[in-house]
Amino acid sequence: MAEELNVRYYKPRDEFKLDVTDIENFVYDMSRCIKCKGCTWVEHTYMPGAKFMTRCPSATIYEFDAYGAYGKMRIGHAMAEGLLDWNEKALEVMYACTLCGACDVGCKRNLDLEIGLTLESLRVKAVQDGVGPMPAHKKLAANIEKKHNFYGAAHKDRKGWLTEETQPARKADIVYFVGCNASYKNQEIARSTAKIIQAAGDDFMLLPNEWCCGNTLFSVGLYDEAKALAERNVEAMRKTGARTLLTSCAEGYRMWKVDYPKLLDIATEDLGFEVIHLVEYAGDRIANGALKTTRPFETRMTYHDSCSLSRLSEPWTPYEGKRGWMGCVEPRLKRRRGKNGVYFPPRDILKGIPGVNLVEMPRMRENAFCCGAGRGTKEAFPDFARRAANHRLEEVREIGAETLVAACPWCKSHFSEVTGENGDAIQVLDIAEVICASLDASA
Ligand code: SF4
Ligand code: SF4
């Protein structure tokens, strides 16, 4: 059958690269999907019941196999073999997906296929083939190109969040990368972050002329545009001479730590500076006594693992090798299975605040269900994004949490909007605000 169809089930390419600009690199991965649906279901042994068993927002909301990673693998494989062309539905299938990485960790429990990279590569292919990205994405890309921010707001207003008490230093060892959302929309997150750094006794500086990180460009397949931005931003950071880039944005964290190295074909450790999220910084400063979170915060709280701070945040290492019998690769590849995401610092911080009763949702850490907004999805498919958030909020209600905390301004924006539309009583906060509110007033 395979030979009749002239597909390469049995003759995958021997060379193996992780370069997402060539879909040929992922024909093996697409052809070896066995449709076990590990990419859709959270392991039965791990879950307490049937209610929150799925991990893939796309398959959960659209309820057709085509939308799961297994469907995308088949469609992508047929396209790579020249057996199927793009059409409106195929584009929707590829883009109505938050690139949340849940399928990738699910698949790697069993097969070690590079599903997440394949999904990225299929979007690059959509752009290469002249059909992608979606119209809403083109508007965002124009905003980023002309105004250097996601919203199309005036670039001169980017530092509008700064107040007299949150002034940066001219020179410091820490560069705070604010990102578009906290610069323009959730400015309280930027102010809280600045106050936390200052309360710990450190100085921070800003990039001399901060631009968007380019997350949306990369996520929708505009590879060349994202690469140009990566080059520009990494050079600007290196020029500051600072050793640490700190951000309060999960999407920005993933871009700087993982996708910039991927775009520049270097390892994360070769960036020349370390990339940390606020929760890593605050966790460290609380542990060494520089920060004291002693002011009580009485609430039943749950923590949402933002995809880009959790399973998508593992460091990047370039790879080129050979694939042999049964798909084994040589030299050994450092697989990124989502196990080493930033899971414990935020939980330790929240548990240490007096009055906080931290309760977990059934799906957490690398199995957490995405908020539904990320990586250009909300702008192109608002109804899908809303329904995915509501599915996650069901989980918050199920455990009776009064406060939902995330460590990403994009998650906060989306959950706040959806709870607002619903008239939900759930309070949605960013962890920067929670830490800031709990700082010792006498310090
Ligand atoms: S878990 Fe992997 S092999 Fe199984 S259906 Fe999903 S993509 Fe295919
Ligand atoms: S990246 Fe997320 S939404 Fe997309 S197919 Fe995978 S699990 Fe589903």
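Could you tell me the convex hull volume per residue, in Å³, taken over the Cα atoms of the stretch 148-287? Let's see the in-between values first.
On the way: hull volume 14.1 nm³, N = 140.
It comes to 101 Å³ per residue, whole-number rounded.
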*Going by alpha carbons, how many degrees (0 to 90, nearest 10) lie between the helix axis of 69-80 and the longest principal axis of the chain?*
50
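With each run of n ≥ 4 DSSP H residues scored as -39500 (n - 2.57), what mean residue ellipticity at 222 nm is computed for the chain after dividing by its residue count and rounding to the nearest 500 deg cm²/dmol?
That comes out to -11500 deg cm²/dmol.
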*Describe numerically, in nm with one decimal, the distance between label points set 7 Å from Cα along Cα→Cβ at Arg13 and at Lys171.*
4.8
*For the chain, with a Gaussian network of springs between Cα atoms less than 10 Å apart, report the residue from Pro57, Pro48, Pro315 with the top mean-square fluctuation.*
Pro48
*Which of Lys17/Lys138; Lys147/Lys262; Lys89/Lys322; Lys156/Lys185; Lys185/Lys239 have a Cα-Cα distance over 23 Å?*
Lys17/Lys138; Lys147/Lys262; Lys89/Lys322; Lys185/Lys239
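From the square roots a ≥ b ≥ c of the eigenvalues of the alpha-carbon gyration tensor of the stretch 26-96, which class results: rounded (a/c under 1.5), prolate (a/b over b/c), or oblate?
Working: a/c = 3.96, a/b = 1.75, b/c = 2.25.
Oblate is the answer for the stretch 26-96, as a/c is 1.5 or above yet b/c matches or exceeds a/b.
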_Let me check I've understood the local charge: for Leu113, count other residues with C-beta under 9 angstrom from its C-beta, Lys and Arg +1, Asp and Glu -1. What total comes out?_
-2
*Global geometry of the chain, whether rounded, prolate or oblate, following the gyration tensor of its Cα atoms and the 1.5 cut on a/c*: prolate
*On a 0 to 90 degree scale, rounded to 10, what angle separates helix 135-147 from the longest Cα axis of the chain?*
50
_Using a Gaussian network model on the chain with a 10 Å cutoff between Cα atoms, which of Asp19, Asp305, Asp157 fluctuates the most?_
Asp157
*Specify the residue with the greatest mean-square fluctuation among Arg365, Arg332, Arg300, computed from a Gaussian network of the chain linking alpha-carbon atoms under 10 Å apart.*
Arg332
*Using the alpha-carbon atoms, what tilt in degrees (0 to 90, nearest 10) does helix 187-199 show relative to the longest principal axis of the chain?*
60
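Rule-based calculations on the coordinates, nothing more; no lab input. Computed from a predicted structure; not experimentally measured. In this analysis, Cβ positions are derived from the backbone assuming ideal geometry, glycine residues included, and neighbour counts consider all displayed protein chains.
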